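Here's the structure we're looking at; comments come further down.
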Amino acid sequence: MRTTSLSTLAVLFVLASAATAHPASAQAAGTEVQSCGDLGNYAFGNDQVAEALLKTKDFSDWPEDKRKQFLALSGDNLPKFACFAGGAEGYHKFLQAVEDARLDKQTGAGATSEGTTSVVSKGFVSQVLALAVEDGALTRTDNKSIATFHGNGLGIARLLAGREQFPYCAIYDHSCESALARNLGGLSFSISFDTTPSSGAEPTATTSSANKGVLTGGPSQQISGWGVRYDIKAPKNPLDTQFQKDFTDKMKSVDGTKFVKSVNDLMRPLDVANPKAYSDWKDKYLKQLARVSHQDTKGMADVLHQAVVELTDLARKDPQFQTKLDTLLTEMGNYFGTRDKALEAIVNWFTGSFEYNDDRPQNQPSQSNLKVILSWRPSSSGSSTAAGPLQLTLNASAAWYDHAPPQGAVKRFRDAQASLQADRTLPDISDRLGAALTLGYYFQYMADNALLKIPSGNLAPGTSIALPGDASVLLGTKGSIHIAQLGVTLTVKKTGVKVPVTLSYSNRTELIKANDVRGHFGVSYDLDSLFAGKSTTQ
Amino acid sequence: MCKLSLATGDPVADFTGRVGDQVQIDVHGTNGQATIQQGTSYADQPLAAPWQFTIQAGNQALSVLVANPVVNDTTVIEEVCDANTRNTLLSYEFHPNAPLARFIILGQP
């Protein structure tokens, strides 16, 4: 059967992706160069101070201060040393911290999918996979448990290519990723599975409230929907005066104290408290580099690799080295992620998304939905308050039935939708618990009465008349739907767990014309954070 | 008058200065508005604007956390000697993945 084949293939794909993401064994620290982003030419060496000299002059001809700075525990050498000493585990600890510090991700079914706590599809999706299990519906009348997987084109491509899937790029470093990576990064997909066991019961209609009776029965479908989406971003020009002013203002809220302290705590036993051993090391490699031609890139690489190996051995003489290193990687990731979060509001002047979803609601014909999403932040919002910035997200969409309804039943064009949502990050409740406030409004116009799919042989609502076809029309459902929603999302830091709690009011649902007040509760697990701590280079 | 001098011949120390002298630092970019960030410290003591510190004895680390909106912009960290004179401590291409510059300053009597 088609549905079974599709669901089997989908599950196999997800399992295969998860299996390739899981490391066979932990990478030994200090044996493989891990990249904490794009850091230049060699495993060690402060490229920042000598980029031009590296390409044009032998090390022996450099000014003394440049030679010393090239090997100093400063600039590029800090993340290079930390990532080398920390190995794969350390790098992933760094990525985990970056991920935790970033916000604004969607891990849930969109508004038109059965079972959702979110009225609006947001402007960001998880990078590789995210699993969301939610309970409750917004515009449907039946309640289901939906498990949704979101995937990203770039993350999947890197998984399959066996390369590191999460290299860090600062949010305003637009040259960091290739054009292909940027385009793949804008592509994402989702597939939702209905996790409710099928009751196997056939729908029946024997009472005056037949509509509701029919809707709560019937077989569930294993795949309840799927979708693809493409995100576009329009970055601002970094040379623009206003952008630079905004950048400076935003950076005032980013505190690097813990990051700098963690660096000094790790490096102090080397270059401050133990100058003799460090001096000997530095002297040795200053002399070795002076014997290598700048054109001998392999020779330079060998010397610098050996330099960082010996430096790591020297550093490990500190009995607290590993603890200090772990702290550094975490604080560095936290600083970078916090910086990205602060700058997110000003880096792009707008983001847009184009999304197609195919929904298969219970007891309704399958339908398609095309959506445009725009996201922006008012430039002056939240820049000087304890709360985070205000984000506004606007959606507009149209839906139609995948197959033409029975002749004369209803129009094939089903409905048009529009929604507006405001999100604001609140001050942290505690060191482990964050919160965000959401206020949303949703509007839907049903172009015609809703179409209900009832297998042949079943009774028309309220009668004993057997229905001749595979679909029937519910009367009196044409018209407008208004929904207002207020919610709070709690985030348990460093776990990838979020708990959205919302309260919504609607003047009716798609199929029943009556006021509806609902509370929704969900738990989402962001596999991005978990995979960022588990992925490996192969 | 500038208080910091290059530590010639010393593989560890970058600069030398006299114990007790007060030093002020600043930063500027070529195309970007580079700024010194909160977290900058000397001898493990956090600094605040206008980024001044007093030289202490022995080797001490000056850690300067920089932000520049233009990636790979040539950025200069300097000592503010007086209203008209600045002493370049470091000229480099700023990268957001490596925003922290550390200098070892040897304080001598």
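The values are calculated or read from the model by the stated rules, or taken from the named source; none is laboratory data. Note that this is a predicted model, so its numbers are computed, not measured. As a convention, Cβ positions derive from the backbone with ideal geometry for all residues, glycine included, and neighbour counts pool all protein chains shown. The accessibility values were calculated without ligands, DNA or RNA, using every heavy atom of the protein model including side chains. Shrake-Rupley method; radii C 1.70, N 1.55, O 1.52, S 1.80 Å.
For the reader, a short list of remarks on this structure follows.
- Note on A:Val488: accessible area approximately 50 square angstrom, rounded to 10, probe 1.4 Å, nucleic acids and ligands left out.
- Neighbours of B:Gln22, meaning other residues whose beta-carbon lies under 15 angstrom from its beta-carbon, give a summed charge of -2 when Lys and Arg score +1 and Asp and Glu score -1.
- Heavy-atom accessible surface of A:Ser175, to the nearest 10 Å², is about 90 Å², with a 1.4 Å probe and all protein chains retained.
- Carbon + sulfur, % of accessible area of segment B:55-109 - ligands and nucleic acids excluded, 1.4 Å: 44 percent
- Residue-by-residue Karplus 3J(HN,Hα) for segment A:79-95, coefficients 6.51, -1.76, 1.60, Hz, glycine and proline x: x, 4, 5, 4, 5, 5, 5, x, x, 4, 4, x, 4, 6, 4, 4, 5
- Ordered from highest to lowest accessible area with the whole protein assembly present and a 1.4 Å probe, A:Glu51, A:Glu99 read as A:Glu51, A:Glu99.
- When A:Arg412, A:Arg360, A:Arg424 are compared by accessible surface with a 1.4 Å probe, the order from highest to lowest is A:Arg412, A:Arg424, A:Arg360.
- Under-5 Å amide H pairs with B:Cys81, H placed in peptide plane, nonlocal only: B:Arg86, B:Asn87
- Other-chain or far-sequence residues with amide H under 5 Å of A:Phe350's (modelled H): A:Ala234
- Cross-link check: pairs A:Lys80/A:Lys298; A:Lys284/A:Lys317; A:Lys68/A:Lys317; A:Lys233/A:Lys371; A:Lys252/A:Lys341; A:Lys80/A:Lys245 evaluated at a Cα-Cα cut-off of 21 Å; pairs beyond the cut-off: A:Lys68/A:Lys317; A:Lys80/A:Lys245.
- For A:Cys176, the solvent-accessible surface with a 1.4 Å probe is about 30 Å², rounded to the nearest 10.
- Kirkwood Rh, Cα atoms: Rg over Rh of segment A:238-353: 1.14
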